[in-house]
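**Student:** Below you'll find the structure I mean.
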Amino acid sequence: MGEQTEISTAKEAADDELILAFGRLQGAANRLEYILGRALEAECGISHLMFEVLLILGRAGEPGLSMRAVAQEQVLTTGGATRLVDRMEAAGLVERAEDPDDRRGRLVRLTALGAETAVRASRIHRENINRYFLDPLPAAHRKRFAEDLRILSHSARDELPRLP
């Protein structure tokens, strides 16, 4: 895998090892996102994206994060992040507070319900990750696979443009 071969037909394109490998990664990610996301919605009433924002805010702690930082972490537009945070605020999961370093700015932080939901959802999510993500892999490969995914994620993140 990885050697450069000339692709000159649609069949060669469809059968290319690198293209197939990436397609499998993307397909697995999409299917797992669906399975794990539906479980979070059914058990906790939140989307996977909301869960990710709860985790980001939990990691950030007090006093919270700017909307721009939330958007950057989730690869959202600031408008998309604002709409998401609006829905989360209406659900009582997050609150907006004044930014002590910027009188015009607002920070987003977890409420007690948001922190409680993050913990409950994390327990469910962890069980499902084990069931659908790790258990199908040979035990000897799991740590290396997780490390390789971390490397790929950071490499891709570093290629993204930063929000202004």
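**Student:** State which residue is farthest from the chain's Cα centre (by Cα) when the search covers only the range 88-115 and only residues that are surrounded by 14 or more Cβ atoms within 10 Å (Cβ to Cβ) and part of a helix (DSSP H, G or I).
**Tutor:** 89
**Student:** Could you please tell me which pairs satisfy a Cβ distance under 9 Å, a separation of 6+ or placement on different chains, a first residue in the range 149-160 that is charged (D, E, K, R), and a second residue that is open to solvent by 80 Å² or more (accessible area, probe 1.4 Å) and outside any helix (DSSP H, G or I)?
**Tutor:** Note: pairs meeting the criteria are 157/75.
**Student:** Name the residue that is surrounded by the fewest Cβ atoms within 10 Å (Cβ to Cβ), counting only residues in the range 10-44 that are in contact (Cβ under 8 Å) with a residue 60 or more places away in the chain and over 22 Å from residue 145 (Cα atoms). Spell out the reasoning first.
**Tutor:** The initial filter retains those residues of the range 10-44 that are in contact (Cβ under 8 Å) with a residue 60 or more places away in the chain, namely 32, 35-36, 39-40, 43-44.
Those still in the list that are over 22 Å from residue 145 (Cα atoms) too: 39-40, 43-44.
Numbers: 39: 18, 40: 22, 43: 14, 44: 19.
In this case the residue turns out to be 43.
**Student:** Next up: Can you tell which of 54, 36 is under 30 Å from residue 117 (Cβ atoms), in contact with a strand residue (DSSP E or B) (Cβ under 9 Å, 6 or more places away or on another chain) and modelled with pLDDT of 95 or more? Step through it out loud before you land on a result.
**Tutor:** Numbers: 36 fails: in contact with a strand residue (DSSP E or B) (Cβ under 9 Å, 6 or more places away or on another chain).
Answer to the selection: 54.
**Student:** Inspect all residues belonging to the range 156-163 and state whether any of them is under 18 Å from residue 81 (Cβ atoms), open to solvent by less than 70 Å² (accessible area, probe 1.4 Å) and outside any strand (DSSP E or B).
**Tutor:** Quick first cut of the range 156-163, residues under 18 Å from residue 81 (Cβ atoms) only: 157, 160-163.
Going one step further and asking which of them are open to solvent by less than 70 Å² (accessible area, probe 1.4 Å), we end up with 163.
After this cut, where a residue has to be outside any strand (DSSP E or B) as well, the list is 163.
There is at least one residue in the range 156-163 that is under 18 Å from residue 81 (Cβ atoms), open to solvent by less than 70 Å² (accessible area, probe 1.4 Å) and outside any strand (DSSP E or B).
**Student:** Cβ-Cβ below 7 Å, separation at least six or inter-chain, first residue in the range 106-123 and touching a residue at least 12 places away in the same chain (Cβ under 8 Å), second exposed (fewer than 14 other Cβ atoms within 10 Å of the Cβ) and of a type in the set (Asp, Glu): which pairs?
**Tutor:** 106/98; 109/62
**Student:** Being part of a helix (DSSP H, G or I), touching a helix residue (DSSP H, G or I) at 6+ places or on another chain (Cβ under 9 Å) and modelled with pLDDT under 95 is the requirement here; does residue 12 meet it? It would help to see each step written out before you state the result.
**Tutor:** Numbers: part of a helix (DSSP H, G or I): yes; touching a helix residue (DSSP H, G or I) at 6+ places or on another chain (Cβ under 9 Å): no; modelled with pLDDT under 95: yes.
No, not satisfied.
**Student:** Quick one: what pairs do we get from the range 66-79, first residue open to solvent by less than 30 Å² (accessible area, probe 1.4 Å), second in a helix (DSSP H, G or I), C-beta under 6 Å, 6+ apart or different chains?
**Tutor:** 70/81; 71/78; 71/81
**Student:** Return the residues of the range 130-144 that are aromatic (Phe, Trp, Tyr) and open to solvent by 70 Å² or more (accessible area, probe 1.4 Å); say none if nothing qualifies. Before the answer, list the steps.
**Tutor:** Going residue by residue through the range 130-144, those that are aromatic (Phe, Trp, Tyr) are 132-133.
Residue satisfying the conditions is 132 alone.
The values are calculated or read from the model by the stated rules, or taken from the named source; none is laboratory data. On a predicted model such as this, the values are computed, not experimentally measured, just so you know. Counting neighbours? That spans all protein chains shown, and the Cβs are built from the backbone with ideal geometry, glycine included. Just so you know, the surface numbers come from the protein's heavy atoms only, side chains and all, with ligands and any DNA or RNA stripped out. Shrake-Rupley method; radii C 1.70, N 1.55, O 1.52, S 1.80 Å.
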